Amino acid sequence: ATRKLLLLPGDGIGPEAMAEVKKLIEMMNADFNAGFETEEGLVGGCAYDAHGQSISDADMDKAMAADAVLFGAVGGPKWDGVPYEVRPEAGLLRLRKEMELFANLRPAICYPALAASSSLKPEVVEGLDILILRELTGGVYFGEPKEITDLGNGQKRGIDTQVYDTYEIERIAGVAFELARTRSNKVCSMEKHNVMKSGVLWKEVVANTHKAKYSDVELTHMLADAGGMQLVRWPKQFDVIVTDNLFGDMLSDVAAMLTGSLGMLPSASLGAPDEKTGSRKALYEPVHGSAPDIAGKGIANPIAMIASFAMCLRYSFNMVEEADRLEKAIASVLDDGLRTKDLMSKGMTEVGTAAMGDAIIAK
Ligand code: NAI
Ligand code: MG
């Protein structure tokens, strides 16, 4: 099979982390006949420097044609002054919008070797493996009206509007139930139906979707504020959490901190399945940014990027066994005591970006 990947390394440590994934892809092609075909493009500050856009139309076309996009990170102080429409983040926002990536998957996994360095008690996080599913293209970040109006009496009014339509809730709920079936078969939906009309609709549509097509999955509902509390108190009670754009933004950042360094966290953003082929548009990226403070030093942790590629194997290519093996290789290298600088603790062996990548590939 041919598997078409577009690599968008971006700025700062993006290319350094992506270099380790490139080695992995070459190894998989050579040793396992994986059939990956890669193309590369520019996104973010480097794209602005090359042609004045945060992503070119040509690279956008490549993204639309690829089976999956691997994205590094964008931005840095060098581009602080560039016009708003072509700032580095605009490239990522354009990709999300034009690829219609409505489902954002943020796993929170606590590798056994890192449980002791979590911000929570080891017993609370050890063995943690949950998935926060955030709706990414609707809700209060995009609803209209969105403006600041002048009230004329020295007062202004800032307005954002939370809007969700049935189809938007149905499709994210469908992704949640399907993901749950491949995991521990549990979904918890979070909203605030006690104070928000969009929350009332959210709860109702999730329940209807469940009843119609997914009644084999265990479904619970929780108010999002209580959900935040439960995530910190006893996160292992959850499997898949599905929630809207705003709550998902906050809850996924909370969940992220259960597991240690920013350098460990992968993510996936998926679109709707194609009606004919069933394949989805998809973009995989680490949660971290371009880390200008450590860029160019060869010390960035490549695990978030490598774990994002594992998600790509799992969700875009159904290479479940390969994804499991890659995730086990990451855990195993950590068990051996290898640590990049961001993870370092007493008694461990400090390695750079390339050595960490090589060790994972060797496993
Ligand atoms: P950041 O995630 O780049 O860095 C925050 C801190 O974590 C830094 O001290 C950094 O050294 C460390 N860190 C991050 N990733 C690491 C890794 N893989 N290994 C070791 N240490 C790591 O966030 P920050 O500093 O707020 O933003 C820096 C730039 O990145 C800004 O221009 C920002 O706009 C951009 N950014 C881009 C994102 C993206 O491309 N999706 C997401 C977040 C920020
Ligand atoms: Mg956030």
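Within segment 173-196, residues that are in contact (Cβ under 8 Å) with a residue 24 or more places away in the chain sit with their Cβ atoms under 6 Å from residues that are assigned to a loop (DSSP other than H, G, I, E, B) and of a type outside the set (D, E, K, R), at 6+ positions apart or across chains, in these pairs: Phe177/Tyr214; Phe177/Val217; Ala180/Val217; Asn185/Val217; Val187/Val217; Cys188/Phe238. Selection of segment 115-129 for residues being in contact with a helix residue (DSSP H, G or I) (Cβ under 6 Å, 6 or more places away or on another chain), hydrophobic (A, V, I, L, M, F, W, C) and open to solvent by less than 60 Å² (accessible area, probe 1.4 Å) yields Ala115, Val125, Leu128.
Beta carbons closer than 7 Å, at least 6 apart along the sequence or on distinct chains, pair a first residue in segment 100-118 that is among the aromatic types (Phe, Trp, Tyr) with a second that is not in a helix (DSSP H, G or I) for Phe102/Glu135; Phe102/Leu136; Phe102/Thr137; Phe102/Gly271. When residues in segment 344-360 are screened for being touching a Leu at 6+ places or on another chain (Cβ under 7 Å) and crowded, with 19+ Cβ neighbours inside 10 Å, 2 of them pass.
Is there a residue in segment 265-282 that is within 16 Å of ligand 1 (Cβ to nearest atom), among the polar types (S, T, N, Q) and at pLDDT 95 or above? Yes, segment 265-282 contains a residue that is within 16 Å of ligand 1 (Cβ to nearest atom), among the polar types (S, T, N, Q) and at pLDDT 95 or above.
When segment 249-264 is filtered for residues that are more than 9 Å from ligand 1 (Cβ to nearest atom) and either under 22 Å from Leu70 (Cβ atoms) or in a strand (DSSP E or B) (or both), the ones remaining, listed by number, are Ser252, Ala256, Thr259.
Against the list (1) at pLDDT 95 or above; (2) part of a loop (DSSP other than H, G, I, E, B); (3) within 15 Å of the chain's Cα centre (by Cα), the condition Ile294 fails is (3). Can you confirm whether segment 220-238 contains a residue that is among the β-branched types (Val, Ile, Thr) and at pLDDT 95 or above? Looking through segment 220-238, at least one residue is among the β-branched types (Val, Ile, Thr) and at pLDDT 95 or above. Selection of helices (runs of 4 or more DSSP H) fully inside segment 4-73 by the criterion of at least 3 residues being closer than 16 Å to Ala307 by Cβ and open to solvent by less than 50 Å² (accessible area, probe 1.4 Å) returns 14-32. Whenever a residue of segment 119-148 is touching a residue at least 24 places away in the same chain (Cβ under 8 Å) and under 17 Å from Ile241 (Cα atoms), its partners that are part of a strand (DSSP E or B) and among the hydroxyl-bearing types (Ser, Thr, Tyr), lying with C-beta atoms within less than 8 angstrom and at least six residues away or across chains, give the pairs Ile132/Thr243; Leu133/Thr243; Arg134/Thr243; Glu135/Thr243; Leu136/Ser269.
For segment 156-163, does any single residue satisfy the condition of being assigned to a helix (DSSP H, G or I) and free of Cβ contacts under 8 Å to residues at least 60 places away in the same chain?
no
Scanning segment 309-363 for residues that are farther than 30 Å from Lys281 by Cα, polar (S, T, N, Q) and not in a loop (DSSP other than H, G, I, E, B) yields Ser332, Thr349. Restricting Pro107, Pro112 to residues that are closer than 22 Å to Val254 by Cα, touching an Asp or Glu at 6+ places or on another chain (Cβ under 9 Å) and surrounded by fewer than 20 Cβ atoms within 10 Å (Cβ to Cβ) narrows the list to Pro112. Looking only at segment 287-332, which residues are within 16 Å of ligand 1 (Cβ to nearest atom) and on the phi > 0 side of the Ramachandran plot? Passing the criteria: Ala291, Gly296, Gly298. Entry remark, segment 88-145: residues being closer than 21 Å to Ile169 by Cα and not in a helix (DSSP H, G or I) number 22 in total. Checked against the criterion of being touching a Ser or Thr at 6+ places or on another chain (Cβ under 6 Å), away from ligand 1 (no atom under 16 Å from the Cβ), within 25 Å of Ala268 (Cα to Cα) and in a helix (DSSP H, G or I), segment 164-172 contains one or more residues that satisfy it. Filtered by the rule that a residue be within 16 Å of ligand 2 (Cβ to nearest atom) and either of a type outside the set (A, V, I, L, M, F, W, C) or outside any helix (DSSP H, G or I) (or both), segment 228-248 gives Gly228, Ile241, Thr243, Asp244, Asn245, Gly248. Applying the set (1) at pLDDT below 95; (2) on the phi < 0 side of the Ramachandran plot to Asp150 leaves exactly one unmet item: (1).
The values are calculated or read from the model by the stated rules, or taken from the named source; none is laboratory data. In this text the structure is predicted, and so the values were computed from the model without any measurement. For neighbour counting, all protein chains shown are included, and Cβ atoms are generated from backbone atoms with ideal geometry for every residue, glycine included. Side chains included, ligands, DNA and RNA excluded: accessible areas come from the protein's heavy atoms. Shrake-Rupley method; radii C 1.70, N 1.55, O 1.52, S 1.80 Å.
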